[in-house]
Each structure stands twice: as C-alpha cells, then as structure tokens.
Amino acid sequence: MVTMQDQKYVFLDQVNSPEDIKEFDRESTEVLAGEIRNFLINNVSECGGHLASNLGVVELTLALHKVFNTPEDKIVWDVGHQSYVHKILTGRKGDFSTLRTPGGLSGFTKRSESEYDPFGAGHSSTSVSAALGIAEAEKLKGGDAYTVAVVGDGAFTGGMIYEALNNCDRTDGLKLVIVLNENEMSISKNIGSVAKTLSKLRTNPGYFKTKEATRSFLAKIPFIGKGLVSFIIKCKKAIKNILYGSNYFENLGLYYIGPIDGHDIGELEDMLNEAKKCNQCVLVHVKTQKGRGYAPAEERPDKYHSVAPKDAEPAGGFSKAFGKAMIQSAESDKRICAITAAMGRGTGLSDFEKEFPDRFFDVGIAEEHAVTFAAGLAAGDMVPVCAIYSTFLQRGYDNILHDVALQDLPVILAIDRAGLNPSDGATHHGIFDVSFLSAIPEMTIFTPATYEALDRAFKCAVTLGKPAAIRYPNAVEDEIVMSAFYGNEAYDDISVRSFALNDVTDNVIITHGRMASTALEAAAQLMDSGINCAVLLCEFIKPYDALADIISDLLPYTVKNIVFLEEEILSGGFGMNLSFELRRRRILTRARHKIIAVDDNFAIPEKGETVWQSAGVDSMTVAEAVIEMIEAYK
Ligand SMILES: Cc1ncc(C[n+]2csc(CCOP(=O)(O)OP(=O)(O)O)c2C)c(N)n1
C-alpha cells in the first residue's frame, strides 16, 4: 500500500473542474492519471470503497471529461461504484476523505450531490435505460447535448441492459453513447455466454484511423464531398461486415466502435470524438484492467473490488455461518443447490463453490432470473438456496411472488446484509424485505440473531417444503445476546426466546435479529433507572399468527408497555403485523404499545451519529419510549 503522507499532486492540485483538464496535452494527462491513482490508493485505504474498479477507469474518465462538455453533456455511470475519478474531476476532490461516511460523499453517483451526476445509482444495470431516457428528452427539447452511459461487462449480465438496447433502435439524431467497459470481471470473474461473446469481439485496429483520414480527405472535395462521405460510409459498413462480420451490437442496430485500449488516452479521445460524429446510438467498447497500477489489486481484483475502511469492525460473520451451514447440508443432501447473483464471495459461498461446483450457480447480476431459476430447480425436485443481499432482492419481487410463492415451491431465500448498512448508504439499506415478504402468502421468515440460530433456521427451512426466507445482517454475532437468550441451553425448535421475563414484568421489548443487542442495551438502561424490562427475541417472524400465539402465551398478565423494535421500514413491517395479531388476541387491549422502526422516509438523516441513531432505532430511543409510556399513564 502506498503511504505517501507528503505526496505531491503537481497536476491534480490544478484540477477543480473538468474545464481544467481540457488543455492538458497527452503527456500531462498521463502524469495526472498517475497522480489520481495515488490519490485513490491513499484515500480509499482510509475510508474504504471500490478501489479496483476505480483504478481501472482513470484514463477512461479523463478522456470522457476531455471529449464531452459536462454538466451539459451527461455521464450516467452504471452502479456508480466506479465514479470516484469522476467525483475527483468534478469539484469533489476536497471532500474525498468523507467518502462513505455519515453526511459525506456517497460511494455512488447521487443527483443531490452534484450537477455532474445526472442520474443516481447503486444498483446495477440501469444506466442504458436512464441514459436513453435522458437522450430522448434532450431530443424532444430540441437540445444538442450528448448523453453517455458507462457500463461494465459485469453490469452487462443484467437483463435490463438488453431491454434498453432493444429500444435503442430509435436512433436518428439521438446523441447517445454507450461505453462498455470490459475488464473481464464482475466482482468475481465475469461469467456466462455474454462475457465470452464480448471477449471475442475484434476489429482491425487500423480501421478507424483509415476511416477518419478518408472522411476528411473526401469532405474537402468541392460540391460532392459531403455526399460522397455519407455514400462511402455506407459502403464501408457493408464491406466491413463482409470482411470482419457484423457483431452482436451492430445486429441490434447500434454503431459499434472497438475494442479500444482503455488505458491509451489518445486512442480513447480519438474514438470518443468519432462516436460524437455518428448522430445515432453508438456503442464504444473499451478494454481495461481492473485494479490497474496497484499490484495487489491487479493480482486480486476480486479482493480489492471493495476494501473496508482502515478501522472497520469485523463483519460478514453471518455470511460465513451461512456458507458453513450450506456445506454441511449439501454433504448429506444431494438436492441442495446454491444460487448467487454475482455475489458468491460476499454471501459466503466461495467454499461451497469449490466443494460442489456442479451445484453452485453464479447467474450474473440477474436477481430476477436467479429467483425464477431457483423456482425451476425446486420444480425439478432440488432444494435451491438463493443467496441475495436484501437490497438487491428488491429486483426479484414478482419472481418471488409469481414464480415461487404462488406455486408454493420450496425455494429458500438466504437474505444477506439485512437491516441498515451504514457505509453504502441509502441504496444499500436492507430495510424493505420484511415488509415486502410479509405481504406474500405461504412465505416463512426466519430472523436468527446467532450463528447457531441461523443453523437451526436453515435446517428447518430445508425440511419445510415451502418458500422460506432467512435474513441476517452483515455483522458478527453478539456474545451478550448469546448468553442473555441462550446461556447453555440447546434448542432444536424455532421459537421466541426471552430475557428477564417473569411474573411481575411491566415492560417488554419484542424484537428480532441484530436488534436483540439494542433491546438488551435499552433494558439495561431501564434497569439502571429501576424500571423492569424484559426482552423477547423472535427467531422467526412470519407466519405472524403463529408468532402471536407463542407471544400471547409467554407474556405475563402484568405487562403494561410493549415496544416492538426493528431496523426495517415501519410500513407493513414486523411491528405493524405483529401488533395487529396481538390486538386480535386482545393482548393490546390490556397493554400499551409503540413501534420503533425506520420512519416512512428515504432520507435517514445522518448528522454524524451512527446510522442507527439517525434512523431512530437505537437503545436510547427505545428506553425513552418505555419511560414516556410509563409517564403518560401514571
Ligand atoms: C442489482 C445489483 N446486484 C448486485 C450488485 C453488486 N455489485 C456492485 S458492483 C458489481 C460488479 C459490477 O461489475 P462491472 O459492471 O463489470 O464493474 P467493475 O467493477 O468490474 O468495473 C456488483 C455485482 C449491485 N450493485 N446491484
């Protein structure tokens, strides 16, 4: 890792907006590229973020900002995780140390952050649709600005890209440039036949240079020159197709330029200028090296795709526990299959992939397909386990509803990164799955708070023979939770565990998953003030009627105040559904209640506290809620 505290940025120091690089000659731009790489390595190793992806697009970003006039011309970055260089060039260099911190720069593009970010992202494969919309709007307004979509070959495995390309045939006068950044990597090695097709695309390197020379020579011929240019371009296209064959993109009606060396600034600039002249939808195919210029990232681009901040807490414990449970079950049960949508490493499935390659399916960034593919496996008598981050599962909603639940197929959804996810921000919070899955009949939702509970949930889900979801956070298990709720007991059922519940309990917090720690903290704060408070920890939350039956039996008659605590969106979630069921059982006619959840609001305010505090789902808020209820009814 480069540790240049007194690093001098001779050229970068002069750059505060894209205008500042327009006059840089090739040599200066190359030196600037080197300085940007050092800047990225120094900063991202501190604050964490997508290092390898950004190191790969330094020259491409410089060339884009030299050739296009942003913010009038618009660059739409797919996912937005590779937009750091763009941020550095567009006036956000000074704030770079705040990247991915509360209140700081987003790790993705964000409309509210800069006029240079015309479209926000975080989830993959949206860029071509968005850019096409922006370009069509520009055409309808009679404007002449360009729109550029920059999309990686990983994002190109997402189905939305093809839905958008299918619409790009309305090309007359459309100033849309799609830059396909091929680095042969998604987070892991890119997979599938699309990746293979891209790597085969070749054209003669001299083709475009000859074309440009011919164009300018012919255009100079008086009277007939311009007509000749257009006639000859048509002939050249036909000849090229005969000589080199037409490629996939040309067959879709796009003008194809490439493949281009994405680290050669000169070639990039020439080809982007060529693309500008086309007056139709163009695809510029660029080849880059992920992690370029930093040896460890060049060697292991998957490991350096995203790096943790310097002082990060350990995470991923539940993902590992899930991976272990998968391997154990798969050894004895040949029906178990694992499906990931390009997140094999993140979801803890790397060892499973090695042990059971035939039963491991990385389907690319294609969550909808992943879920329906799993449904197909289930229809074929397999036991498919679809491991997807909560936020990305949003993509697969109809597939869960229509293909899995409606047919009552036993697909297991392993929902990783459930709950709030601080550093990635709004696009990556896993706070909606409880609400959207709660609305689906036949779905069971398990909410383990320890690795052992996850293991039990997994075994139960495998034998259930119905759709099931197991959700868990990006965290390690909390020892206090383990000893408070489990001690030395060994359980084999999935139920509700209790802490400090007895015959005289007045106050109870009912929660699930990671929030068990927060509930215990709140109970401890209340006990310090002489207020008794028990905690109930739900190992499953749906079916809500079964849960309400267990809780009704557990609650003593003395209970006066109940807090439902969750780190998910309030609307349609755990608290709303469970309180509804308890009211039906008349529990809430004798006890008051309050639901503490994430408010119906996208903007979880970040004022420098942790994201849980900002979202109002922290122990202090819970303790205060209990005290308020006690005071109000004194
Ligand atoms: C819908 C969705 N699924 C998964 C992800 C996680 N993800 C972020 S970047 C990435 C890989 C993108 O690969 P590529 O587009 O080739 O960009 P590269 O990092 O290789 O430059 C993935 C899978 C996501 N952002 N959105």
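The values are calculated or read from the model by the stated rules, or taken from the named source; none is laboratory data. Computed from a predicted structure; not experimentally measured. Note: ideal-geometry Cβ built from the backbone for every residue, glycine included; neighbour counts use all protein chains shown. These accessible areas exclude ligands, DNA and RNA; they are computed on the full protein's heavy atoms, side chains included. Shrake-Rupley method; radii C 1.70, N 1.55, O 1.52, S 1.80 Å.
Here is how the number arises for the chain: DSSP H runs of 4 or more residues each give -39500 (n - 2.57), the sum is divided by the residue count, and the result at 222 nm is -11500 deg cm²/dmol. Tally Lys/Arg at +1 and Asp/Glu at -1 over every other residue whose Cβ is under 11 Å from the Cβ of Glu539; what's the total? Every neighbour counted, the sum reads 0.
Fraction of C-alpha pairs exceeding 16 angstrom in segment 20-69: 41 percent, rounded to a whole number. Each Lys or Arg adds one and each Asp or Glu takes one away; over the other residues whose Cβ falls under 11 Å from the Cβ of Arg585, this sums to 0. Here the calculated FRET efficiency for Asp408 and Arg584, from their Cβ-Cβ distance with R0 = 30 Å, stands at 0.75, rounded to the nearest 0.05. Converting phi to 3J(HN,Hα) with the Karplus coefficients 6.51, -1.76 and 1.60 and the offset θ = phi - 60°, segment 622-629 yields 5, 4, 4, 4, 5, 4, 4, 5 Hz in sequence order, with x at every glycine or proline. For the peptides 56-64, 172-180, 188-196, the ranking by mean Cβ contacts within 10 Å, running from highest to lowest, is 56-64, 172-180, 188-196. Cross-linked pairs Lys200/Lys334; Lys110/Lys290; Lys74/Lys277; Lys320/Lys542; Lys22/Lys290: Cα-Cα separations exceed 27 Å for Lys200/Lys334.
Rolling a 1.4 angstrom probe over segment 28-120 with all protein chains present gives an accessible area of which 46% lies on carbon and sulfur atoms. Here is the tail figure for the chain: Cα pairs spaced more than 30 Å apart come to 59 percent of all pairs. Using the Cβ atoms and a cut-off under 10 Å, what net charge is assigned to the surroundings of Leu55, where Lys and Arg are +1 and Asp and Glu are -1? Once positives and negatives cancel, what remains is +2. Across the accessible surface of segment 461-541, with the other protein chains kept in place and a 1.4 Å probe, carbon and sulfur atoms take up 48 percent. Solvent-accessible surface of the chain, averaged per residue with a 1.4 angstrom probe and all protein chains in place: 42 square angstrom.
Element breakdown for segment 245-296 at a 1.4 angstrom probe: carbon and sulfur atoms account for 42% of the accessible area.
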